1. Among the residues of segment 43-65, are any part of a loop (DSSP other than H, G, I, E, B), under 13 Å from the mean Cα position of the chain (by Cα) and without any contact (Cβ under 8 Å) to a residue 60 or more places away in the chain?
2. One residue is enough: does segment 40-61 have a residue meeting the conditions surrounded by fewer than 19 Cβ atoms within 10 Å (Cβ to Cβ), of a type in the set (A, V, I, L, M, F, W, C) and farther than 22 Å from G111 by Cα?
3. Looking for whichever is at pLDDT below 95 and either under 14 Å from the mean Cα position of the chain (by Cα) or farther than 19 Å from T107 by Cβ (or both) here; the options are A93, A15. Which one fits?
4. Are any of the residues in segment 35-46 of a type in the set (V, I, T) and in contact with a Phe, Trp or Tyr (Cβ under 6 Å, 6 or more places away or on another chain)?
5. Which residues, counting only those in segment 69-93, are within 10 Å of P49 (Cβ to Cβ) and surrounded by 14 or more Cβ atoms within 10 Å (Cβ to Cβ)?
6. Return yes when A69 is in contact (Cβ under 8 Å) with a residue 40 or more places away in the chain, of a type in the set (A, V, I, L, M) and assigned to a strand (DSSP E or B) and no when it is not.
Amino acid sequence: MSNVETFNPSSLGPAIMPYSNAAVANGFIFVAGQVSLDPEANVVAPNDPYEQTKHILGRIKVILGEKGATLSDIASTSVYITDLAHLPEYNRAWAEIFGDHRPARATVVCGLLIEGLVVEVTAIAALP
């Protein structure tokens, strides 16, 4: 028997590849890379880092909520953006959503798998 529980909130739609949206292990929730997709896997706010960041953090909020956690329980994140020019708008949305909570964060410039996506976020949160 595994010590890892995986889950996929149905409101987010099915994962588009063979992975789970999140896994719980050892008192933590590990959130898979979230991108700005609607439940039918259509890109939300193509090429808009501000709106995509807000949408992604909304998805993460739903995932964490499945286990009674909130964005304030996030300890660490990894963020992938497609262009350094997106950093100001991504940071603006991030600060608006997180307020005074500042989880540890790494930000990397890279390509993403679906055209129109410009931000992807993974997170690790403590179970409440």
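The values are calculated or read from the model by the stated rules, or taken from the named source; none is laboratory data. Since the structure is predicted, the reported quantities are computational estimates derived from the model, not experimental observations. As a convention, Cβ positions derive from the backbone with ideal geometry for all residues, glycine included, and neighbour counts pool all protein chains shown.
1. no
2. No; the residues of segment 40-61 include none that is surrounded by fewer than 19 Cβ atoms within 10 Å (Cβ to Cβ), of a type in the set (A, V, I, L, M, F, W, C) and farther than 22 Å from G111 by Cα.
3. One residue alone meets the criteria, A15.
4. Within segment 35-46 (the criterion being of a type in the set (V, I, T) and in contact with a Phe, Trp or Tyr (Cβ under 6 Å, 6 or more places away or on another chain)), the answer is no, since none of the residues qualifies.
5. Taking segment 69-93 as the starting set, the residues that turn out to be within 10 Å of P49 (Cβ to Cβ) are 81-83, 85-93.
Passing the criteria: I81, T82, H86, L87, E89, Y90, N91, R92, A93.
6. no
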